[in-house]
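One structure below.
A short reminder: the numbers here are calculations on the coordinates, not readings from a lab. If you're wondering where the values come from, they're calculated on a predicted model, not measured in any experiment. Here the Cβ is made from the backbone with ideal geometry for all residues, glycine too, and neighbour counts use every protein chain on show.
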Amino acid sequence: MKFKAIVADIDGTITCEKRELHLGAMKKIRSLKVPVVLATGNTLCYARTASRLIGLEGAVIAENGGAVTVRFDLQGTFEESLEECEKAYSFLSEYFKLTKLDPLYRKTEIALRRDFDLEKARAILKTQNLDIEMVDTKYAIHLKSTKINKGVGLQKLAGMMGLEAEDFVAIGDSENDVEMFEASGFGIAVANGDEKIKEAANYVTDASFGDGTVEAIEFLESNGWI
């Protein structure tokens with residue numbers, strides 16, 4: 001078994017507990033001979049900045065798969081899904097006081113502050129005929145199309161790189177990484193990950209956050225898989 005690339009979530013996966021980039025994980029990632037793609041629920045500019053700071057080539061999946069780009073010198077490609085998300089937001093705003101996060105930068109979904117009853121909101125949203133779901137990444141609650149996820153984003157970006165999604169090892173910590181694990185050839189959850197991602201993983205690290213990513217890469221190297 002040999003993999004050609006790695007796709008890694010950012011927050012909670014290659015960061016420290018306080019959300020700073022984990023220097024040990026950065027050093028380990030830079031030492032790799034295979035391409036590393038960053039995948040996040042955050043905005044495209046955030047993902048590109050992280051990629052630049054780490055010293056990568058700029059291949060990123062942002063907004064939970066809604067936005068992808070393969071290099072710094074190329075514009076991102078975006079899914080047309082924001083209008084439906086806005087309908088869901090307007091409907092839910094009748095029941096909850098909602099606060100949008102980064103509204104000027106998000107092109108395919110809406111991110112909300114985690115200060116309302118998510119399960120109640122999900123139940124209310126089900127009464128509407130909208131292909132929209134709510135995903136909690138532990139950093140924000142995302143209103144997003146059911147047709148878009150990190151797995152779909154990985155398949156799209158892999159094609160742009162001349163690879164298959166199965167050529168990637170995925171590393172993550174949250175429920176929004178599940179589809180990415182399913183699309184990839186092998187999924188590794190860091191120890192601080194939630195139960196959904198651990199259930200979807202092929203391997204779970206003993207260490208948490210960036211230390212877990214270091215452990216994940218060392219596990220792949222020791223088996224000769226990258």
### Query
If you take the beta carbon distance between E119 and L74 as r and set R0 to 45 Å, what does 1/(1 + (r/R0)^6) give as a FRET efficiency, to the nearest 0.05?
0.70
### Query
Given q = 0.11, 0.21 Å⁻¹, what are the Debye log10 I(q)/I(0) values for segment 70-153, with equal point scatterers placed on the Cα positions and solvent ignored?
-0.30, -1.01
### Task
Show the residues, 5+ positions off or on another chain, whose built amide H is closer than 5 Å to the amide H of A207.
A191
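As a test of the definition: which semi-axes, in Å, follow for segment 105-144 when you take the square root of five times each eigenvalue of its alpha carbon gyration tensor? Largest first, please.
17, 14, 7
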### Distant-in-sequence amide H partners of F72 (H built 1.01 Å from N, under 5 Å)
none
### Task
Starting at the first residue of segment 76-86, write each ³J(HN,Hα) from the Karplus equation 6.51 cos²θ - 1.76 cosθ + 1.60 with θ = phi - 60°, in whole Hz, x for Gly and Pro.
x, 10, 10, 7, 8, 9, 5, 4, 5, 5, 5
#### Entry: Largest to smallest principal axis extent of the C-alpha atoms in segment 154-200, angstrom
32, 14, 12
### Task
Counting only C-alpha contacts under 8 Å and six or more residues apart, can you give the relative contact order of the chain as a whole percent?
22 percent
### Query
Over the chain, with a single point scatterer placed on each C-alpha, what log10 of the ratio I(q)/I(0) does the Debye formula yield at q = 0.08, 0.09, 0.14 1/Å?
-0.26, -0.34, -0.81
### Message
Based on the alpha carbons, how large is the Rg to Rh ratio for segment 87-216 when Rh follows Kirkwood?
### Response
1.01
### Summary
Taking Lys and Arg as +1 and Asp and Glu as -1, residues besides L56 with C-beta under 11 Å from its C-beta add up to +3
### Task
Provide the net charge surrounding D177, with neighbours chosen by a C-beta distance below 12 Å and charges set as Lys +1, Arg +1, Asp -1, Glu -1.
-4
## Note on the structure
Env charge @ D9, Cβ radius under 9 Å, K,R +1 / D,E -1, value -2
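Given just the C-alpha atoms of segment 29-114, how large is their convex hull per residue in cubic angstrom? Show your work: numbers first, answer last.
On the way: hull volume 8.1 nm³, N = 86.
Cα-based convex hull of segment 29-114, divided per residue, equals 95 Å³.
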### Message
Suppose only helical runs count, i.e. DSSP H with n ≥ 4. What mean residue ellipticity at 222 nm does that imply for the chain under -39500 (n - 2.57) per run, divided by all residues and rounded to the nearest 500 deg cm²/dmol?
### Response
-9500 deg cm²/dmol
### Those trypsin sites (Lys or Arg not before Pro) in segment 122-155 that DSSP places in a loop and that have at most 14 other beta carbons within 10 Å
K126, K147
## Note on the structure
Rounded to 0.05, the calculated FRET efficiency for the beta carbons of S222 and L23 at R₀ = 25 Å is 0.70
### Query
Nearest 0.05, what FRET efficiency do K33 and L104 give at R0 = 30 Å with Cβ-Cβ as r?
0.20
### Antiparallel DSSP beta bridges within the chain, percent to nearest 5
50 percent
